[in-house]
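Right, one structure below, let's go through it.
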Amino acid sequence: MTTFRNAALSLLSAAALLAAAPTLAHGYREHGKPVAVAASTLTVTPPRDWNQLSAKPGKKAEAWTLNGEQLNQVTFYGGIAPGEALIRERDKKGKPLPKLSGQTLLAEVPELVEATYRTDRAIASFTVLDAKPERFLGTDGIRFAYEYVDDDNLPRRGEAHAALVKGLLYMATLDAPRLHYFDRAAPDFHALVDSATLR
């Protein structure tokens, strides 16, 4: 009961801070308008308005949110090549990020995401809940779910859809607090994933 109470208090605190803080979004992604994301040919057509966050996770990554990055965040990865990390390395010598390799299989993408989160965010608790083959971008892909506890001590849940196209990794992820916010954002995330194409 104490753990649940602490998680609820953390969620309320995050929501309060979000309401008081200035938005980090720099613009809207308008509903019904196809847009290329993550400096790539990965294109989605949002069925509702989204905010694009001004801070890009990496050269080939872009983050969107509906209610603020602490409450829901969708990240697109556009054409990650062998030898590249998913996101920008903040400390290449002290905390080098794992890299995609030319031999990486779809079944190993969840491990790449886990290792990236653990290294970049210093996460100790990360669990891949399930992984299964699923079409993405018109080709064979993988869908997997995961959960972790971030440095704010709030249990979070995530879902990813990924595909390897001509040796490049394309992926979309949703991360949100496990209580309430993940289930609330999931249908909007799935709509983005369903609209995704390579142009």
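So here's what we get for this one:
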| item | result |
| --- | --- |
| Residue satisfying condition, being in contact with a strand residue (DSSP E or B) (Cβ under 7 Å, 6 or more places away or on another chain), at pLDDT below 95, among the acidic types (D, E) and outside any helix (DSSP H, G or I), within set E69, E89 | E69 |
| Residue match in segment 39-50 (condition: over 14 Å from D175 (Cα atoms), crowded, with 18+ Cβ neighbours inside 10 Å and out of contact with any Leu (no Cβ under 7 Å at 6 or more places or on another chain)) | yes |
| Count of residues meeting criterion [out of contact with any Asp or Glu (no Cβ under 9 Å at 6 or more places or on another chain) and farther than 21 Å from L154 by Cα] in segment 58-73 | 2 |
| Some residue of segment 92-99 being within 26 Å of S195 (Cα to Cα) and either modelled with pLDDT of 95 or more or not aliphatic (A, V, I, L, M) (or both) | no |
| Residue within segment 83-90 that is buried (at least 18 other Cβ atoms within 10 Å of the Cβ), free of Cβ contacts under 8 Å to residues at least 40 places away in the same chain and in contact with a Pro (Cβ under 6 Å, 6 or more places away or on another chain) present | yes |
| L174 vs. criteria of a type outside the set (G, A, S) and in contact with an Asp or Glu (Cβ under 7 Å, 6 or more places away or on another chain) | yes |
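The values are calculated or read from the model by the stated rules, or taken from the named source; none is laboratory data. Nothing here was measured: the structure is a model prediction, and the numbers come from that model. Reconstructed Cβ throughout: ideal geometry from the backbone, glycine too, with neighbour counts over all protein chains shown.
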